[in-house]
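> Sharing a structure, written as structure tokens. Questions coming.
The values are calculated or read from the model by the stated rules, or taken from the named source; none is laboratory data. Bear in mind that the values here come from a model prediction, so they are computed numbers and not experimental data. All Cβ positions, even for glycine, are placed from backbone atoms using ideal geometry, and neighbour counts span all protein chains on display.
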Amino acid sequence: MNKALQLKDFDPEVYQAIQKETERQNQKLELIASENFVSVQVLQAMGQVMTNKYAEGYPAKRYYGGCEFVDIAEDLARERAKKLFNADYANVQPHSGSQANMAAYFSYIKYGDKVMGMDLSHGGHLTHGSPVNFSGRFFNMIHYGVDKSGYIDMNQVEKIVLKERPKLIITGASAYSREIDYKAFREIADKVNAKLMSDIAHPAGLIAAGLIKSPLEHCHFVTTTTHKTLRGPRGGMILIGKDGENDLGIKTPKGRTKLFSEIVDSNVFPGFQGGPLMHVIAAKAVAFKEALQDDFVEYSRQVIKNAKALAKALQDRNYNIVSGGTDTHLMLVDLRNHGLTGKESEKALEQAGITVNKNMVPFDDQSPFVTSGIRVGTPALTTRGMKEEEMTQIAEMIDRVLLDINNDSVKTKVKNQVIELCDRFPLYKM
Ligand SMILES: *Cc1c(COP(=O)(O)O)cnc(C)c1O
């Protein structure tokens, strides 16, 4: 084994790529709503020897010896997650949000069952029933969406549910800027005895901070990622607000009715995954500790303030924000009144040092590869310490680029402005 040979010396190609990526993160304006910057402590917890450990199973119930220290990390992660979300149960092993959804769905429903999720083009996620995803292939998917106002139409939801009688209703989205009425969803779900879940991958941090409504008390189960507003390492998690005996007739070999948490546990492992990523679970524990501090609430409050400020500044410049604004960390900008597509706008902004993603808007007439909108969010910029004043400045820069989308000298000027702004809010040391 190479002793103490630094990465830089052993593998300069990978090392350089990491350096370049660090530089990119430092010098561009990150407005992708699903991204954030973890702390140095979280990075440290991820880059350590727990990656070497096989720990199939759960703390104190492992298939391998030598798990006493990784058990400490996983127990801390689980306990902190439960505290953060006021949940009876947390499973911190899913490798990603999609894996969390897969394991969770199959804990409550079967292959071929009817499931209702939010339409992808209205803000839903691939795992909420897209035909190119396992969810769309394994389940009989039906969809709900927003109305012309850009809000979820609860009357439409109720109508579809009563007619179609799905076994599972998925709430949550990747590009919906408004609060979700989980209580109303639960009342509708109960009418047809459907299970209700929420996928809080996006707003998890805002929910943990107590700034927007929590679905935990209304949903049978909740899934999330840990790397978006929650600002932890890349990964997933499954939560249950109120655990109890299952009503699906699932028993242990000895004939005892299983708890829902036991079903989910065995579905994550051995159902859908092998060994957990213990280094990532350690980093989740650290991120959850951070999220339990008062300054995380302050951070999250600023994320929302910044999103509202950015939405307002864009509206002042004649950009249409879907639903007219935001309650959360993100918004969808409908560019049709400017005669622009999401694709060309994303590209032009990228050239000016501003990173966003193209996104379908409700009732879009463009394909998913072109789109009529962009999605922007404030979690990452807020982590750098930016506030409302900078959001107004950024809206101005976005406007300058988009108004003169083929003008390269404008892009160069904005790019220099971006670097100046980034230098005032330093991120990682190289
Ligand atoms: C991001 C996201 C996910 C998927 O997370 P991955 O970690 O990328 O698999 C799932 N659901 C929603 C709503 C998301 O926004």
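> Residue by residue through the stretch 158-191, note down the ones that are under 21 Å from Gly112 (Cα atoms), touching a residue at least 24 places away in the same chain (Cβ under 8 Å) and of a type outside the set (S, T, N, Q).
Matches in the stretch 158-191: Ile160, Val161, Leu162, Glu164, Arg165, Pro166, Lys167, Leu168, Ile169, Ile170, Ala189.
> Continuing with this model, one more query. Taking Arg231, is it within 16 Å of the ligand (Cβ to nearest atom) and either farther than 19 Å from Ile72 by Cα or exposed (fewer than 15 other Cβ atoms within 10 Å of the Cβ) (or both)? Before the answer, list the steps.
Values: within 16 Å of the ligand (Cβ to nearest atom): yes; either farther than 19 Å from Ile72 by Cα or exposed (fewer than 15 other Cβ atoms within 10 Å of the Cβ) (or both): yes.
Here the answer is yes, as Arg231 does meet what is asked.
> Considering only residues that are within 14 Å of the ligand (Cβ to nearest atom), out of contact with any helix residue (DSSP H, G or I) (no Cβ under 8 Å at 6 or more places or on another chain) and within 20 Å of Leu248 (Cα to Cα), which ones fall in the stretch 157-202?
Matches in the stretch 157-202: none.
> Here's something else I'd like to know. What is the number of the single condition among (1) part of a loop (DSSP other than H, G, I, E, B); (2) within 16 Å of the ligand (Cβ to nearest atom); (3) out of contact with any Ser or Thr (no Cβ under 9 Å at 6 or more places or on another chain); (4) of a type outside the set (Gly, Ala, Ser) that Cys219 does not meet?
Just one mismatch for Cys219, condition (3).
> Before we move on, is Asn36 under 30 Å from Gln417 (Cβ atoms) and either touching a residue at least 12 places away in the same chain (Cβ under 8 Å) or more than 16 Å from the ligand (Cβ to nearest atom) (or both)?
yes
> Residue check: is Arg256 of a type outside the set (S, T, N, Q) and either outside the structural domain of Gly236 (by TED's automatic domain parsing) or under 20 Å from Thr383 (Cβ atoms) (or both)?
no
> For the stretch 93-132, what are the residues that are in a loop (DSSP other than H, G, I, E, B) and more than 12 Å from the ligand (Cβ to nearest atom)?
Gln93, Ile109, Lys110, Tyr111, Gly112, Asp113, Asp119, Pro131, Val132 - these are the residues of the stretch 93-132 that are in a loop (DSSP other than H, G, I, E, B) and more than 12 Å from the ligand (Cβ to nearest atom).
> Now for a separate question. Can you find a residue that is in the same structural domain as Thr226 (by TED's automatic domain parsing) and hydroxyl-bearing (Ser, Thr, Tyr) anywhere in the stretch 341-351?
Scanning the stretch 341-351, I find no residue that is in the same structural domain as Thr226 (by TED's automatic domain parsing) and hydroxyl-bearing (Ser, Thr, Tyr), so the answer is no.
> Testing Pro270 on (1) within 24 Å of Ala194 (Cα to Cα); (2) away from the ligand (no atom under 16 Å from the Cβ); (3) not in a loop (DSSP other than H, G, I, E, B), one condition comes back false. Which one is that?
(1)
> Further, regarding this structure: Hey, could you check the stretch 133-156 for residues that are part of a helix (DSSP H, G or I) and within 15 Å of the ligand (Cβ to nearest atom) and say which is nearest to Ser367 (Cα to Cα)? Can you show your working first?
Quick first cut of the stretch 133-156, residues part of a helix (DSSP H, G or I) only: 134-138, 154-156.
Subsequent filtering for residues that are within 15 Å of the ligand (Cβ to nearest atom) retains 134-136.
Numbers: Phe134: 21, Ser135: 21, Gly136: 19 Å.
Residue satisfying both the conditions and the ranking: Gly136.
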